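Written below as structure tokens is the structure these notes are about.
The values are calculated or read from the model by the stated rules, or taken from the named source; none is laboratory data. No experiment lies behind these values; they were computed from the predicted model shown. Reconstructed Cβ throughout: ideal geometry from the backbone, glycine too, with neighbour counts over all protein chains shown.
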Amino acid sequence: MIGFALSKLLRAVVTVFAVMTFAFVVLRLSGDPAQVMLGPDVPTSAVDAFRSQWGLDQPIWVQYLAYIQSILTGDFGVSMRDRAPAIDLVMERIPATLQLTIPALFLKLALGIPAGVYAALHHQSATDRGVIVLSILGFTIPSFVLGLLLVLIFSVTFGLLPSGGYGSWQHSVLPVIAMSIGGIGILARFSRSAMIEVMGQPYVRTASAKGVRWSDVIWRHALPNAAVPIVTIVGFMVGSLIAGAVIVETIFSWPGIGRLLVVSVTNRDLPVVQCILLMIAATMVVSNLIVDLLYGWLDPRLRMQAAH
Amino acid sequence: MRPNLVELRGLTVAFDGTPVLHGIDLDVAPGEALGLVGESGCGKSVTWLAALGLLPGKATVTGSVKVVGREMLGRPRPVLEGIRGGRIAMIFQDPSSSLNPVLKVGRQIVEALRLHRGLVGQAAKAEAIRLLDLVGIPDASRRFDIFPHEFSGGQSQRVMIAMALAGQPDLLIADEPTTALDATIQAQILDLLAALRAETGMATVFISHDLGAVSQVCERVCVMYSGRIVEAGPIDTLFEAPRHPYTRGLFDAIPRLDGPRARLIPIPGTVPNPKDMPSGCAFSPRCARSSDACNESVPALVAQAEGRSLACRNPVPGQPVKPTRQKLLEAVL
Amino acid sequence: MTQPLIKATNLVRTYAVRRGLFGKITPVRAVDGVSLSVMPGETLGIVGESGSGKSTLGRMLLGIDPAQGGSVSFEGSAMPRLGTAEWRALRARMQLVYQDPLAALDKRLPISVQIGEPLEIHRLLPKNERRARVEELMAAVGLRRDQAERFPHELSGGQRQRAVIARALASRPDLLVCDEPVAALDVSIQAQVVNMLRDLQESQRIAMVFISHDLKVVRNVADRVAVMYLGHIVEEASSDVIFASPRHPYTKALASSVPVPGKKLEGRLILQGEPPNPADRPSGCPFHPRCPIAADICRTARPALQTVAPQRNVACHMVTPHTVAIAA
């Protein structure tokens, strides 16, 4: 078990490191922060001064080593724009993002899974077909289209809810909806197919044949078996708690990580962009790790057998 | 005479409008061992899945299913749930996938004990271990806490049998219980089923495609073809002299382990598609004895001498199977 | 004496099996020192339960599964390595038929095209003659001419298996390895296919290795039978005598376990326990934990396959030429 956890952990560290390196290289190659920060009209001497101040005049591998070294000591760099520590800027924005993504995650779980399970239990009925159509609609409409549509209907036409900004709970209603519809569709679809598959398994018939109540057949015999594929999807959703809000935050002018990322990319504020990407990679990797451990807990066949 | 445990009358099943079972009349007396024989698609399993309400929603079931005199068909789910696993237990063909992979076997047996005998806690655990021991699971108390994937196919079928016994059923329906198992394990399970029946006095319905396996554990047998019973009777009478051409064909098609290496006598053609059934007797297109009348209407299952019933207009003359068989063999050699 | 068509000497195949997702890797000997030979036109039956290594052995004879020890020779020369041009050329002369015809056939192609495939692959006939050959093959396996353009799903299980066999016969092979070819078929259809195989064998003198768990079918198809247990051949004899008067205690139990219509359960020899996990091979004779007549020597020394009577080999300490003579 310890060997298993260690190997997974090692893989996680390698993944984060790879993302970090990739982001570093791509960002250095994609445009000069000095030009963007200082504007086109400044003298060359000012540009050179900026570059030497941020170490941009060094060869890329020297910059890279320095970057790695500071990461390892817990230093995520300083924003080229605000001169504040990048990590502080990022941490400051996290609560706002979570304020959208966590309710959205709950909405996805609370609507997607029951809809999928219900459709599976009424396989080939009108309800089932309805769920399929809605779920396809849900995950094929891009969230920016959906966001704009919601604004158009609820803010512009009916004036019920604010079209953007941050403050009261009303402000978060439309972004949360825009963010969760796709996930609800995906979860409904996955839960449905997982459940249809499980309901056709001989052990479900065994449970019925032994006189187990129908609701217990579903809750205690079928659902735990359908959980593995569902958990995979949910794990992915948990992993994108931080990264999943970029587009919606932009549309609704929500002051979260997503907006910070967009602004920082535009400004070539490299330390902040790197810090955010690192953060996103870390959440993804951690949620993957949790999912891997959950698999073993959910399905004894995947569990280590050395214990016996 | 004690009343029948189960009485099926005119039981029909259709899947999405296609009839697959065309009116089954069948009684199971207390304690008797009944065999249901036929090839895939003949309806032998569907009959019992329908009787217990275990078919998927797309199936339409009509007719009557009486369990100790009480009608079951069309009754609400809880009524059926009380019968299933209690009065009537069922085990299936593929034991390894018939146990829930995410639940410990002990828990699966305890669940049946709680439902049908109200046992919980230590009492349930002790009884489950006793049952596992009874069906021949070695080291039962340790294996109580093990997951199904750690059991072999034969052991899984033993666990299934233990679970079926948990409700102290009056009737055990065994649906091809040995088909997926290796020969030597198959013999063990047949032996176990026969021993348990002798010990508990429960009735057994043994569903199988294997005439040999049926003759080892049954007293009476029904032969099914394309959703109907075509011949039924005490096993000795029927196996001594099968009279329906299909039953007869089944016997002739089985290769023999002893005797000379004779050419087999297959039944020509294939089983008809349920969507495209012949107009009269379903077997007539493959039958060497069929006449014009056979194509017109379906022959009824009629009682004969010696407790036999038969649905055939031109049955095989009632002479013992062995001499005829010998003659056929000689003709071939 | 004629030379055997195919001859295997001391074949060994080991799989590395990881026990559990993160467990240790244990070597599992699926086939452990098997020697056999098949004469031209002869049918050798191989029977055994799951885990006996019978399917692996079949694949090794064709060179699909490489042997880690021992050798296979075809008409006296060593089997070329898997994937070489020589091997592919030889494959035209030895074909494989397995249990599931639906998996063996391409569901997007009509069966006539698939039956003609080997002719194309091995460039055996000029294009204009292929069609006639396919029709001839279909007739040989009992498929009607109007079924030529059918797709696999439009045929019954028995018809599909006929199509698979027709394809295997297309290149006029000298050897057919059949792995459970009738196991998925109903009794009445099974008899049709078994008869067909026997007809082919007689009319075309094809040698066959017929692998099956069904003793009755093997007895009917094979001239000679080898019984396998846990990767070993434990008994080998003519199919006329091996089940009628089995010598090895395992063969005895196997023959006794075959349910015969009209015969009651009483008096049958029922083995205790289950075949051991191939990864946990017992010491000595692999059968000794279940054997009713095992003695001390069986626990320590593995018995060799030896000739105990003419045409009869048995691997058992308790069965020697001497004991057989006494019994006879």
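Suppose the filter is among the aliphatic types (A, V, I, L, M) and under 18 Å from the mean Cα position of the chain (by Cα); does B:Val65 pass it?
Values: among the aliphatic types (A, V, I, L, M): yes; under 18 Å from the mean Cα position of the chain (by Cα): yes.
The answer is yes for B:Val65.
Report whether or not C:Thr320 is touching a strand residue (DSSP E or B) at 6+ places or on another chain (Cβ under 8 Å), surrounded by fewer than 13 Cβ atoms within 10 Å (Cβ to Cβ) and either among the hydrophobic types (A, V, I, L, M, F, W, C) or not assigned by TED's automatic domain parsing to the domain that holds C:Ala30 (or both). Can you show your working first?
Numbers: touching a strand residue (DSSP E or B) at 6+ places or on another chain (Cβ under 8 Å): yes; surrounded by fewer than 13 Cβ atoms within 10 Å (Cβ to Cβ): no; either among the hydrophobic types (A, V, I, L, M, F, W, C) or not assigned by TED's automatic domain parsing to the domain that holds C:Ala30 (or both): yes.
No; evaluated as a whole, the condition is false for this residue.
Of all the residues that make up the range A:88-111, how many are closer than 15 Å to A:Pro175 by Cα and basic (Lys, Arg)?
1
Can you tell me how many residues within the range C:70-85 are more than 12 Å from C:Ile6 (Cβ to Cβ) and either surrounded by 20 or more Cβ atoms within 10 Å (Cβ to Cβ) or at pLDDT below 90 (or both)? Reasoning before the result, please.
Step one: list which residues in the range C:70-85 are more than 12 Å from C:Ile6 (Cβ to Cβ), which gives C:70, C:80-85.
Next, only the ones that are either surrounded by 20 or more Cβ atoms within 10 Å (Cβ to Cβ) or at pLDDT below 90 (or both) stay: C:80-85.
Total meeting the criteria: 6.
Among residues belonging to the range B:205-224 that are assigned to a strand (DSSP E or B) and among the β-branched types (Val, Ile, Thr), point out the one that is nearest to B:Cys42 (Cα to Cα).
The qualifying residue nearest to B:Cys42 (Cα to Cα) is B:Val223.
Anything in the range A:238-266 that is within 19 Å of A:Leu146 (Cβ to Cβ), outside any loop (DSSP other than H, G, I, E, B) and not basic (Lys, Arg)? List them, or say none.
Result: A:Ala243, A:Gly244, A:Ala245, A:Val246, A:Ile247, A:Val248, A:Glu249, A:Thr250, A:Ile251, A:Gly258, A:Val262.
For the structure I just gave you, tell me whether B:Gly10 is free of Cβ contacts under 8 Å to residues at least 24 places away in the same chain and surrounded by fewer than 17 Cβ atoms within 10 Å (Cβ to Cβ).
Answer is no for this residue.
Any residue at all in the range C:174-190 that's within 14 Å of another protein chain (Cβ to nearest Cβ), in contact (Cβ under 8 Å) with a residue 60 or more places away in the chain, among the polar types (S, T, N, Q) and outside any loop (DSSP other than H, G, I, E, B)?
No; the residues of the range C:174-190 include none that is within 14 Å of another protein chain (Cβ to nearest Cβ), in contact (Cβ under 8 Å) with a residue 60 or more places away in the chain, among the polar types (S, T, N, Q) and outside any loop (DSSP other than H, G, I, E, B).
Looking at the structure I just gave you, is A:Phe106 under 26 Å from A:Phe252 (Cβ atoms) and among the aromatic types (Phe, Trp, Tyr)? Working first, answer last.
On the way: under 26 Å from A:Phe252 (Cβ atoms): yes; among the aromatic types (Phe, Trp, Tyr): yes.
Spelling it out, A:Phe106 is indeed under 26 Å from A:Phe252 (Cβ atoms) and among the aromatic types (Phe, Trp, Tyr).
What strands (runs of 3 or more DSSP E) completely inside the range C:10-106 contain at least 3 residues that are closer than 30 Å to C:Ala279 by Cα and within 16 Å of the chain's Cα centre (by Cα)?
Values: elements: C:25-38, C:43-47, C:69-74, C:94-97.
Output list reads C:25-38, C:43-47.
Let me confirm something: among A:Trp254, A:Trp214, which residue is at negative phi, surrounded by fewer than 17 Cβ atoms within 10 Å (Cβ to Cβ) and not aliphatic (A, V, I, L, M)? Walk me through how you get there before you give the answer.
Working: A:Trp254 fails: surrounded by fewer than 17 Cβ atoms within 10 Å (Cβ to Cβ).
Among A:Trp254, A:Trp214, only A:Trp214 is at negative phi, surrounded by fewer than 17 Cβ atoms within 10 Å (Cβ to Cβ) and not aliphatic (A, V, I, L, M).
Can you find a residue in the range A:270-289 that is away from every other protein chain (no Cβ under 14 Å) and either more than 19 Å from the chain's Cα centre (by Cα) or assigned to a loop (DSSP other than H, G, I, E, B) (or both)?
Initially, the range A:270-289 is screened for residues away from every other protein chain (no Cβ under 14 Å), giving A:270-289.
If we keep only those that are either more than 19 Å from the chain's Cα centre (by Cα) or assigned to a loop (DSSP other than H, G, I, E, B) (or both) as well, we get A:270-271.
Checked against the condition, which is being away from every other protein chain (no Cβ under 14 Å) and either more than 19 Å from the chain's Cα centre (by Cα) or assigned to a loop (DSSP other than H, G, I, E, B) (or both), the range A:270-289 yields at least one hit.
Mind listing whichever residues of the range B:268-290 are out of contact with any Asp or Glu (no Cβ under 8 Å at 6 or more places or on another chain), under 18 Å from B:Arg313 (Cβ atoms) and either of a type in the set (S, T, N, Q) or facing chain C (nearest Cβ under 9 Å) (or both)?
Listed by number, the residues that qualify are B:Ser284, B:Arg286, B:Ser290.
Among the residues of the range C:208-230, write down those that are farther than 20 Å from C:Gln99 by Cβ and touching a strand residue (DSSP E or B) at 6+ places or on another chain (Cβ under 6 Å).
So in the range C:208-230, the residues farther than 20 Å from C:Gln99 by Cβ come out as C:223-224, C:229-230.
Passing the criteria: C:Asp223, C:Arg224.
With the condition kept exactly as written, say whether any residue in the range B:147-154 is within 22 Å of A:Arg205 (Cα to Cα), of a type outside the set (A, V, I, L, M, F, W, C) and crowded, with 22+ Cβ neighbours inside 10 Å.
At the first step, the residues of the range B:147-154 found to be within 22 Å of A:Arg205 (Cα to Cα) are B:147-154.
From the residues that got through so far, the ones that are of a type outside the set (A, V, I, L, M, F, W, C) too are B:148-150, B:152-154.
Next, from what is left, pick out any that are crowded, with 22+ Cβ neighbours inside 10 Å: B:148, B:154.
Yes, the range B:147-154 contains a residue that is within 22 Å of A:Arg205 (Cα to Cα), of a type outside the set (A, V, I, L, M, F, W, C) and crowded, with 22+ Cβ neighbours inside 10 Å.
Within the group C:Val234, C:Val258, C:Val241, which residue is among the aliphatic types (A, V, I, L, M), in the same structural domain as C:Val31 (by TED's automatic domain parsing) and touching a His at 6+ places or on another chain (Cβ under 8 Å)?
Numbers: C:Val258 fails: touching a His at 6+ places or on another chain (Cβ under 8 Å); C:Val241 fails: touching a His at 6+ places or on another chain (Cβ under 8 Å).
Unique residue meeting the criteria: C:Val234.
Yes/no per residue for (1) within 18 Å of the chain's Cα centre (by Cα); (2) part of a helix (DSSP H, G or I); (3) over 30 Å from B:Pro30 (Cβ atoms):
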residue: B:Pro138; (1), (2), (3): no, no, yes
residue: B:Ser141; (1), (2), (3): no, yes, yes
residue: B:Gly154; (1), (2), (3): no, yes, no
residue: B:Gln157; (1), (2), (3): yes, yes, no
residue: B:Met160; (1), (2), (3): yes, yes, no
residue: B:Met163; (1), (2), (3): no, yes, no
residue: B:Leu172; (1), (2), (3): yes, no, no
residue: B:Pro177; (1), (2), (3): yes, no, no
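Taking the stated definitions as given, is B:Leu113 over 16 Å from B:Leu54 (Cβ atoms) and more than 9 Å from chain A (Cβ to nearest Cβ)? Steps first, please.
Numbers: over 16 Å from B:Leu54 (Cβ atoms): yes; more than 9 Å from chain A (Cβ to nearest Cβ): yes.
Here the answer is yes, as B:Leu113 does meet what is asked.
Within the range B:192-206, is even one residue among the basic types (Lys, Arg) and at pLDDT 90 or above? Give the steps one after another, and end with the answer.
Taking the range B:192-206 and keeping what is among the basic types (Lys, Arg), we get B:197.
Checking the rest, the ones that are also at pLDDT 90 or above come to B:197.
Within the range B:192-206, one or more residues are among the basic types (Lys, Arg) and at pLDDT 90 or above.
Would you mind finding the one in A:Ala227, A:Ala243 that is at pLDDT 90 or above and more than 14 Å from chain C (Cβ to nearest Cβ)?
Values: A:Ala243 fails: at pLDDT 90 or above.
Result: A:Ala227 is the single residue among A:Ala227, A:Ala243 that is at pLDDT 90 or above and more than 14 Å from chain C (Cβ to nearest Cβ).
Looking only at residues that are β-branched (Val, Ile, Thr) and surrounded by fewer than 22 Cβ atoms within 10 Å (Cβ to Cβ) in the range B:167-204, which one is farthest from B:Val6 (Cα to Cα)?
We begin by selecting, within the range B:167-204, every residue β-branched (Val, Ile, Thr); these are B:173, B:178-179, B:184-185, B:189, B:200, B:204.
Going one step further and asking which of them are surrounded by fewer than 22 Cβ atoms within 10 Å (Cβ to Cβ), we end up with B:179, B:200.
Details: B:Thr179: 25, B:Thr200: 18 Å.
Residue satisfying both the conditions and the ranking: B:Thr179.
Can you find even one residue in the range B:225-242 that is buried (at least 23 other Cβ atoms within 10 Å of the Cβ), in contact with a Cys (Cβ under 9 Å, 6 or more places away or on another chain) and in a loop (DSSP other than H, G, I, E, B)?
The answer is yes, given that some residue of the range B:225-242 is buried (at least 23 other Cβ atoms within 10 Å of the Cβ), in contact with a Cys (Cβ under 9 Å, 6 or more places away or on another chain) and in a loop (DSSP other than H, G, I, E, B).
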